[in-house]
Amino acid sequence: MNHLSKLPFFEIQFTKSAEVYNHEAVNQLLNDIRTQGFTDFIVISLGWNNDMAEARYSYDHILGFVSNELVTANLIGKKFGILGIYWPSKKFAEEELIAGEEAAGIEVSLEVDYIQEQITELHGFFDDRRSDAYLMQISQQIERAEYGDTDKYEVYEAVSELFRPILRHQEEQPDEDAAVTLNTSNIEEIIVSLEPDDEQVKKPAGGGAAASIGDLDNSSDMEGGAAGSVSFKVLLGGLRNVLNLATYYQMKERAGKVGALGLNPLIRRIQNENPELKIHLIGHSFGARLVTAAIAGVSADQALKVQSLILLQAAFSHFSFARQYDEQKDGSFRHIIDQANVKGAMVISHTCNDKAVGLAYTIASRVAKQVANEMGGRNDFYGGLGSDGAQATPEVKTYQLVQGTNYIFEPSCIYNLQADSSIDGHCAIANKPVAEMITAVILS
């Protein structure tokens, strides 16, 4: 235990397989909770961090604001503790997804450098032990690109093998994004559909989001998704995005696993030993999916009852809490609402400034060849919570996330907080307006 702005702060680390990394840390945590006399315990999981040092910095940054607000409140009879969850997460390279003139003008040699750097960073990230070999295969072929002798079909095969174990795990879990399917037998079409070209998003050729597929060679070009042969440059641009897509699927699967199999039993142990303790869950990015999966558990009898839930720029479907979002199916976490697993308020921040979540779901739309009025937005079947808030969820109430707001959060209610003026990017959550909102939720 250490202290963060005068509040006790604990750390628990989970492995990729949702196992506790240090059991002695858990024993110490349970002992300190028993002896410290906490009334409220905040459990927070961040996502989008490349390593422990970056994660610690992120926790210090946001929790510094939150703990200052709580200490300033000086509440009699309240004692707060904070638990930070560490798990192997990876940044989704949002800056590489931004389409337009700049992306279209990148030289092939620079594209090769970008992809090689991306592949290097992904070594050791995926759960399947064979993934590094497939990444190496892609790297070797890309290295030969400038000499004109790359075998694109070896690239397709390696990418297909990279996706296969990830998608197999997806099929084993309840999936709020079940409609986003990937047919890895036609990975060529997926890669080319993800070539960064802004006009393809605005005006897809033939009414679909994917480009027409022809023979790929090193001399031809593709303009605006027109039919015909496709240059190797297009393959490179699409490959960068398809590797990001693989990262997204792996992170999504891992967040659910760590939440349901790792964090859920830990919180149940805490609650069994401290039945009066109020538990508040906060999640950012894929960490938001992790804490939500922790509440759900692996079965109804293992679901948690917590005091509050705050999802900051959540990187999962905006239909996750929906009732009959397609006139038949409920969102995969709908039962959390129906069973009143959150006693107090449940709050979801969202903003159009979140390019990471918005673009991740735009990618899903393009892969599925689906066109909405607003690609990647609330009218898109594949929209995300962090960009759109909870959709098709009848209980939702709304607020503006603005500094100085006098929030009145009611028990067992869901709130979409429109945060355009307070959150200017996916990771821009460490500020006073967000801390004021978190404090209001915890104290409501």
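Quick look at the values:
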read-out: Above-threshold pairs, the threshold being 29 Å between Cα atoms, out of LYS90/LYS329; LYS397/LYS432; LYS78/LYS343; LYS278/LYS329; LYS152/LYS329; LYS16/LYS305; value: LYS90/LYS329; LYS278/LYS329; LYS152/LYS329
read-out: Peptides ranked, highest mean first, by Cβ atoms within 10 Å: ranges 325-337, 396-408, 251-263; value: 251-263, 325-337, 396-408
read-out: Contour excess over end-to-end distance, with Cα ends at LYS16 and ALA340 and 0.36 nm allotted per residue; value: 113.7 nm
read-out: Neighbourhood net charge (12 Å Cβ-Cβ; Lys/Arg +1, Asp/Glu -1) for LEU29; value: -2
read-out: Built amide H within the under 5 Å cut-off of LEU83, gap 5+; value: PHE10, ILE42, VAL43, ILE44
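Each value in this text was obtained by applying a stated rule to the coordinates, not by laboratory testing. Predicted model only: the values in this text are computed from it and were never measured. Reconstructed Cβ throughout: ideal geometry from the backbone, glycine too, with neighbour counts over all protein chains shown.
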